[in-house]
């Protein structure tokens, strides 16, 4: 049995002994207790706020999960205690506000894992021909391992362990994935056709999707009736995503987040510098005040602009943008924070390719007061082995309520009408079009900015090598 296990720095030292001069070659960090100025603390705090924003986001989500007593459906989103997951039984509803940029192509699940408490067993049912992928990410939002149709994953049981776990893998576990930190997040995605027949057919596999501590593993597939979990009304305090990162408390959470994940190779000095400033802030209220003010300013000036897709990513033709290292960010702090701010929990590029659009073909901001069309030439819809879709989001990156309850178009829609030449035109506007064109209508808000977002699940080479890109968004009124 092959195990996906990455060696920790301690394990590497055991295998390869350092040279006699190794300790002397390592750079020394700040001396504990050294006096610093408020201006220096502000400088370090501003930088740390930006690159560690996703880590604190994830850490705060874990803290919330630790307070949840049982799995529930809060409004439209599953909420589960630590080391459990919740599953939906249909598309996610518009009122969900836990994660920006949801889609209505899959049935979602979600659960935060505390791997310092226990290894976790993940069940994978037999999905047959249905597309599926389980996203598993660490505190950095980097992918830990591959579970999904594109990996040829077989039905069975899989084990997720923390960096320091040294236990015995029991019989019947098909594979092991080791997280570099003590926190992980699991998000199952299961494709669903937009038909009553498929909604019924998918329920059997959904009941077999669950996770549990290793101590509860007995080699049998456990079943959960997700339709029976308690339902609570949605939290309507905000029109946008829940504020998972608050500048004024950022440096209270940061030390625990850094300790959870640890530095990547080369980040040791960065961690040491931040720890020294945090410690100075604990000793001196004026230093801490400067740090908090730097965080508020960094949120406003550095992080908030990255909510707009046009402010990051790789530029493509017709003002589309994309990213090439989702869930594999490493030390690309800019893209990691931008993605976490605008549409956190994106899949790795071989699992899903994303294309973002805020502008029309002339470079003007997309606006609900206008009408647009997107025409895919014959045979030029996104080339995928899974599925594709185009979704419309309002200015907060959530769905726009409309009379059809339609928020995306793509593979799941069996009534899309082709043009006479075999091309496909999607109409994006607030007013319903006439006749058969209504099947190709993606409703927009009556006014105000909106964005378009193409997902290509299990993309073919033409997408991953960049030879396919989306067509222009043309204004037609």
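Residue check: is residue 345 at pLDDT 95 or above, in contact with a strand residue (DSSP E or B) (Cβ under 7 Å, 6 or more places away or on another chain) and in a strand (DSSP E or B)?
No, not satisfied.
Within the stretch 76-117, can you find the residues that are touching a helix residue (DSSP H, G or I) at 6+ places or on another chain (Cβ under 6 Å), within 18 Å of residue 159 (Cβ to Cβ) and touching a residue at least 60 places away in the same chain (Cβ under 8 Å)?
Result: 112, single match.
If residue 51 satisfies every condition in (1) surrounded by fewer than 20 Cβ atoms within 10 Å (Cβ to Cβ); (2) part of a loop (DSSP other than H, G, I, E, B) but one, which is the exception?
Of everything listed in (1) surrounded by fewer than 20 Cβ atoms within 10 Å (Cβ to Cβ); (2) part of a loop (DSSP other than H, G, I, E, B), residue 51 misses just condition (2).
State all residues of the stretch 435-461 that are touching a strand residue (DSSP E or B) at 6+ places or on another chain (Cβ under 7 Å), modelled with pLDDT of 95 or more, outside any loop (DSSP other than H, G, I, E, B) and farther than 17 Å from residue 405 by Cβ; if no residue qualifies, say none.
Selection gives 449, 451, 452, 453, 454, 455, 456, 457, 458, 459.
Which is crowded, with 20+ Cβ neighbours inside 10 Å, under 30 Å from residue 252 (Cα atoms) and either in contact with a helix residue (DSSP H, G or I) (Cβ under 9 Å, 6 or more places away or on another chain) or not assigned by TED's automatic domain parsing to the domain that holds residue 133 (or both), of 330, 281, 368?
Step by step, each of 330, 281, 368 is checked, and only 281 is crowded, with 20+ Cβ neighbours inside 10 Å, under 30 Å from residue 252 (Cα atoms) and either in contact with a helix residue (DSSP H, G or I) (Cβ under 9 Å, 6 or more places away or on another chain) or not assigned by TED's automatic domain parsing to the domain that holds residue 133 (or both).
Looking at the stretch 150-173 only, could you name the residues that are buried (at least 19 other Cβ atoms within 10 Å of the Cβ) and farther than 21 Å from residue 214 by Cβ?
Within the stretch 150-173, just 150 meets the criteria.
The values are calculated or read from the model by the stated rules, or taken from the named source; none is laboratory data. Bear in mind that the values here come from a model prediction, so they are computed numbers and not experimental data. Cβ atoms come from the backbone with ideal geometry, glycine included; neighbour counts cover every protein chain shown.
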